[in-house]
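Bear in mind that the values in this text are calculations on the coordinates, not laboratory data. Values in this document were obtained by computation on a predicted structure and should not be read as measured data. Cβ sites come from the backbone with ideal geometry, for glycine too, and all protein chains shown count toward neighbours.
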Amino acid sequence: MIERFAYAAFVVVAGLFWIFPAVRKGLWHEVLSGVGAMLLFGILFFEQQAVQQETELALLGGALALFGISIAVLGVFTIFTKGRARDFEESKTFVRSGVFYYFRHPLYYGMILLAAGAALVKGTVFALAICSAAALLLLAAGKVEESHNLKKFGKRYEKYLKKKK
């Protein structure tokens with residue numbers, strides 16, 4: 001019961017403070033990532049493990065999820081420290097060091113790995129379908145964000161895209 005309340009609270013908060021403001025500002029990569037995150041956290045909170053999982057598969061899923069969370073947390077830390085940001089869209093400088101040296105979109109990639117890990121841990125076709133949908137939304141968010149970043153950072157970001165294929 002508490003999981004359902006927590007998820008409902010997450011949906012309300014995400015809607016009010018993440019998705020709706022992003023729609024108003026025309027930040028479609030934020031809308032896509034917000035919906036992807038809502039799907040992903042819905043699986044984590046609601047989907048009951050319906051099949052008996054092999055221990056190795058569940059451990060692999062857990063490791064993938066933890067690795068994904070680590071990448072995302074490092075990305076957030078880097079944006080706020082090296083990018084001198086107050087929020088994700090207000091980065092004052094173009095960041096290409098730290099975890100951004102390895103990943104163009106560490107927050108999205110981290111959440112995609114979390115989705116893959118959750119699908120393995122849950123072990124249901126439904127979880128796989130929802131986690132796949134969340135991953136596709138996050139990939140789309142990364143592509144949309146690239147056009148936003150090209151406008152914001154110009155030639156420097158274009159050079160970065162060529163190096164980080």
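Suppose every Lys and Arg Cβ carries +1 and every Asp and Glu Cβ carries -1, with no other charges. What dipole size does the chain come out with about its Cα centre, to the nearest 20 debye?
Details: 20 positive and 11 negative charges, 249 e Å.
Dipole of the chain, to the nearest 20 debye: 1200 debye.
Using R₀ = 25 Å, calculate the FRET efficiency as 1/(1 + (r/R₀)^6) where r is the Cβ-Cβ separation of residue 17 and residue 139; round to 0.05.
0.60
Take each complete run of DSSP H in the chain, measure how far its Cα atoms stretch along the helix's own axis, and keep only those covering 30 Å or more with mean Kyte-Doolittle hydropathy at least 0.5; list them. All intermediate terms of the calculation are to be shown ahead of the outcome.
Details: long enough: 55-81 (38 Å, 1.94); 125-153 (41 Å, 1.00).
Flagged H segments are 55-81, 125-153.
Report the local net charge at residue 75: Lys and Arg +1, Asp and Glu -1, summed over other residues whose C-beta lies under 11 Å from its C-beta.
On the way: positive: 82, 104; negative: none.
Here the charged neighbours net out to +2.
Positive end of the charge dipole of region 2-163 (Lys, Arg +1 and Asp, Glu -1 on Cβ, about the Cα centre): tell me which of 99, 72, 6 has its Cα farthest that way.
The one lying farthest along the dipole's positive direction is 99.
For n ≥ 4 DSSP H runs only, could you compute -39500 (n - 2.57) per run for the chain, divide by its residues and tell me the 222 nm figure to the nearest 500? Display every interim value, and only then the final one.
Values: 7 runs with 120 residues, N = 165.
Here the helix-only value at 222 nm equals -24500 deg cm²/dmol.
At q = 0.20, 0.23 Å⁻¹, what base-10 log of I(q)/I(0) does the Debye formula yield for region 53-165 when every alpha carbon is treated as an equal point scatterer in vacuo?
These q points yield log10 I(q)/I(0) values of -1.03, -1.22.
Using a Cα-Cα cut-off of under 30 Å, which lysines could be cross-linked to residue 162, ignoring same-chain neighbours fewer than 8 residues away?
Leaving aside lysines fewer than 8 places away in the same chain, those within reach of residue 162 are 25, 82, 92, 143, 151, 152.
Loop-only check: which chymotrypsin sites (Phe, Trp or Tyr not before Pro) in region 79-165 are DSSP coil with at most 16 other Cβ within 10 angstrom? Write out the running numbers ahead of the final one.
Working: sites: 80, 88, 94, 100, 101, 102, 103, 108, 109, 126, 153, 157, 160; in loops: 94, 102, 103.
When the chymotrypsin sites (Phe, Trp or Tyr not before Pro) of region 79-165 are filtered for loop state and at most 16 Cβ neighbours within 10 Å, 94, 102 remain.
Name the trypsin sites (Lys or Arg not before Pro) in region 64-136 that are in a loop by DSSP and that have at most 14 other C-beta atoms within 10 Å, would you? Write out the running numbers ahead of the final one.
Values: sites: 82, 84, 86, 92, 96, 104, 122; in loops: 82, 84, 86, 92, 96, 104.
Sparse-neighbourhood loop trypsin sites (Lys or Arg not before Pro): 84, 86, 92.
Mind giving me the nanometre distance, one decimal, between the label points for residue 81 and residue 24, set 7 Å out from Cα along Cα→Cβ?
Result: 3.2 nm between the two label points.
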